[in-house]
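The values are calculated or read from the model by the stated rules, or taken from the named source; none is laboratory data. The model shown is predicted, which means the values in this text are computed figures rather than measured ones. FYI the Cβ positions are ideal-geometry reconstructions off the backbone, even for glycines, and counts take in every protein chain you see. Note: accessible area is taken over every heavy atom of the protein model, side chains too, but ligands, DNA and RNA are not part of it. Shrake-Rupley method; radii C 1.70, N 1.55, O 1.52, S 1.80 Å.
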Amino acid sequence: MAAGPLQVKGEVISVRRVGAYSHVTLLAPGIAERVRPGHFVALAVGDATSSTLLRRSFSIYRAQERGVYGGTVEVVLSAHGPGTRWLSERRERDAVDVVGPLGTPFTLPRDPASCTLVGGGYGSAPLFGLADALRQRGCRVDVVLGAATEERLFGVLDAKRIAQSVTVTTDDGSMGVRGRVTDVLPALFERAETDVVYACGPMPMLRAVAGVAAAYEVASQVAVEEAMACGIGVCMTCVLPVVGDDGVTRMVRSCTEGPVFRGESVRFDAVGTVPADAYGAPQGSGH
Ligand SMILES: Cc1cc2nc3c(=O)[nH]c(=O)nc-3n(C[C@H](O)[C@H](O)[C@H](O)COP(=O)(O)OP(=O)(O)OC[C@H]3O[C@@H](n4cnc5c(N)ncnc54)[C@H](O)[C@@H]3O)c2cc1C
Ligand code: FES
């Protein structure tokens with residue numbers, strides 16, 4: 001498989017509303033062929049005179065090497081700010097500049113394992129390519145999808161197609177079990193004899209999933225969504241504190257070393273800070 005990201009002049013194939021989200025399919029020749037589950041793309045937003053200079057990052061929902069027009073990548077947007085709104089307002093044949101695939105993808109088990117996939121809101125998008133890859137390796141796949149409300153769930157039908165079991169939770173009880181994804185995990189871990197849990201969604205959810213996984217001695221991988229500027233490891237906007245195998249905390253770039261990390265390695269309590277015990281942290285005033 002070819003390595004390394006590409007920058008391509010992409011083209012919008014379609015934009016569809018799915019619940020609270022926009023599902024955007026982009027023609028991105030050369031990129032689809034390189035995608036592995038957990039990779040993301042960075043999309044330029046606005047035109048050449050736009051003040052929205054920075055690219056916006058999005059998980060890859062699907063990548064198809066041979067669409068009718070060529071390789072495509074699909075992303076799922078929650079339109080809330082200028083960049084995501086601009087993208088959700090694109091129409092067929094509009095140009096969108098795409099850089100990808102970026103990041104370090106999910107690690108797949110060497111041998112068949114029991115895998116539980118947990119998605120929060122649009123965070124479930126990258127889990128379906130992962131589910132396909134796991135199934136191809138003979139893994140058992142159980143899926144838990146959670147969101148605040150039914151319309152903020154994404155991919156329930158996809159999950160039913162691919163998983164051994166699908167559990168849905170909503171904060172307001174509008175679909176599935178009322179409550180949080182972590183409420184249903186212990187019973188599922190026992191029923192499915194889960195070896196590894198993969199999670200993608202908001203940071204508090206990742207923290208809670210990693211905590212339950214640790215309590216049940218289940219390995220975990222979490223895909224974080226730290227704010228990013230360059231997406232390619234240059235600007236250090238996206239660093240978060242991560243503990244290495246040597247027990248030392250380092251500020252690690254989530255765009256290149258992540259977005260996927262081992263759950264127990266992320267210092268969730270210190271995200272957004274440089275902990276005093278981190279390697280290279282400023283010591284006192286220094287003057
Ligand atoms: C690896 C990675 C994968 C991502 N995948 C996706 C994805 O699949 N789909 C998706 O919609 N977004 C995803 N994001 C988040 C997306 O990149 C940001 O939300 C993006 O900055 C939005 O740009 P904007 O111009 O619309 O809003 P901005 O101008 O960045 O933000 C506008 C306002 O929205 C708030 N905001 C920022 N991020 C979020 C958020 N995630 N949810 C709610 N409010 C937020 C900001 O605090 C700010 O107040 C991902 C981010 C990363 C790093
Ligand atoms: S976003 Fe620039 S280093 Fe990660």
The answer for the chain, accessible area per residue at 1.4 Å probe in Å², is 48
Whole-percent carbon and sulfur contribution to the accessible surface of the chain (1.4 Å, no ligands, DNA or RNA) stands at 50
In units of 2.2 N^0.38 Å, the Cα radius of gyration of the range 146-262 is 1.19
Surrounding charge for GLY121, neighbours by C-beta under 13 angstrom, Lys/Arg +1, Asp/Glu -1, total -2
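If you count the DSSP beta bridges with both ends in the chain, what percent of them are antiparallel, to the nearest 5? Working shown, then result.
Working: 38 of 64 bridges.
Expressed as a percentage, antiparallel bridges in the chain total about 60.
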Over the chain, the quotient of the Cα radius of gyration and 2.2 N^0.38 Å is 1.00
Expected vector for the range 153-162, Karplus 3J(HN,Hα) from phi with 6.51, -1.76, 1.60 and θ = phi - 60°, integer Hz, x for Gly and Pro, equals 7, 9, x, 4, 5, 3, 5, 5, 5, 10
Short to long, in 10 Å steps from zero, the percent of alpha-carbon pairs of the range 135-206 per bin is 19, 54, 25, 2
Ratio for the range 57-207, C-alpha Rg to 2.2 N^0.38 Å, reads 1.10
Rounded to two decimals, the Rg over Rh value of the range 6-102 from Cα coordinates and the Kirkwood Rh reads 0.93
Cα-based Rg and Dmax for the range 195-249, in Å, come out at 13.1, 37
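For the chain, what is the calculated [θ] at 222 nm in deg cm²/dmol (nearest 500), taking -39500 (n - 2.57) for each run of four or more DSSP H residues and dividing by its residue count?
Values: 5 runs with 49 residues, N = 287.
Theoretical 222 nm ellipticity from helices: -5000 deg cm²/dmol.
Relative to the Cα centre, what is the charge dipole magnitude of the chain, using +1 at the beta carbon of each Lys and Arg, -1 at the beta carbon of each Asp and Glu, and rounding to the nearest 20 debye? Spell out each step's value before the answer.
On the way: 28 positive and 30 negative charges, 129 e Å.
Approximately 620 debye in magnitude.
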